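Please treat every number below as a calculation from the coordinates, not as lab data. Here the structure is a predicted model, which means the values were calculated and not measured. With ideal geometry, Cβ positions are generated from the backbone for all residues, glycine too; neighbour counts draw on all protein chains shown.
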């Protein structure tokens, strides 16, 4: 979804590198993300989950044939 919205991608990149990125590590640690947060990062994650919610696979199988009322 970030590939479809380069402005949001750029803002998220800036927030990560300016506010959340420690200078001595290549990537921010999970503990640092929990402590400092990141308002835009949180908003992006919540919006993606709102638009594309994770849904477990819920297959339904008919065990025997039936006739619904009003279809005769």
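Summary value for segment 2-51: 33 percent relative contact order, contacts being C-alpha pairs under 8 angstrom separated by 6+ residues. Ordering 19, 25 by the number of other Cβ atoms within 10 Å of each residue's own Cβ, fewest first, gives 25, 19.
Annotation for residue 9 and residue 55: the two label points, set 7 Å from Cα along the Cα-Cβ direction, are 2.7 nm apart.
To make sure I understand, if each residue's beta carbon is the centre and we count other beta carbons within 10 Å, what order do 64, 47, 4 fall in, fewest to most?
Working: 64 4, 47 12, 4 7.
Lowest to highest Cβ neighbour count: 64, 4, 47.
If I build a Gaussian network model for the chain, linking alpha-carbon pairs within less than 10 angstrom, which residue out of 55, 45, 34 has the largest mean-square fluctuation? Of the options given, 55 has the highest mean-square fluctuation. With the simple spin-label model, which puts each label point 7 Å out from Cα in the Cβ direction, the residue 21 to residue 36 separation comes to 1.0 nm. Against the main long axis of the alpha-carbon atoms of the chain, helix 39-51 sits at an angle near 10°.
Can you tell me the FRET efficiency between residue 68 and residue 45 if r is taken as the Cβ-Cβ distance and R0 is 30 Å, rounded to the nearest 0.05?
Working: r = 42 Å, r/R0 = 1.39.
Given R0 = 30 Å and the Cβ-Cβ separation, E is 0.10.
Here is how the number arises for the chain: DSSP H runs of 4 or more residues each give -39500 (n - 2.57), the sum is divided by the residue count, and the result at 222 nm is -12000 deg cm²/dmol. Computed from Cα positions, the angle between helix 6-15 and the longest principal axis of the chain comes to roughly 50 degrees.
Which whole number in µm²/s is D for segment 2-51 by Stokes-Einstein, with the Kirkwood Rh taken over Cα pairs at 10 °C and 1.306 mPa s? Before the final figure, lay out each step's value.
Working: Rh = 11.5 Å.
D = 138 µm²/s.
Result for the chain in a Gaussian network model with C-alpha springs under 10 Å: among 35, 60, 11, the largest mean-square fluctuation is at 60.
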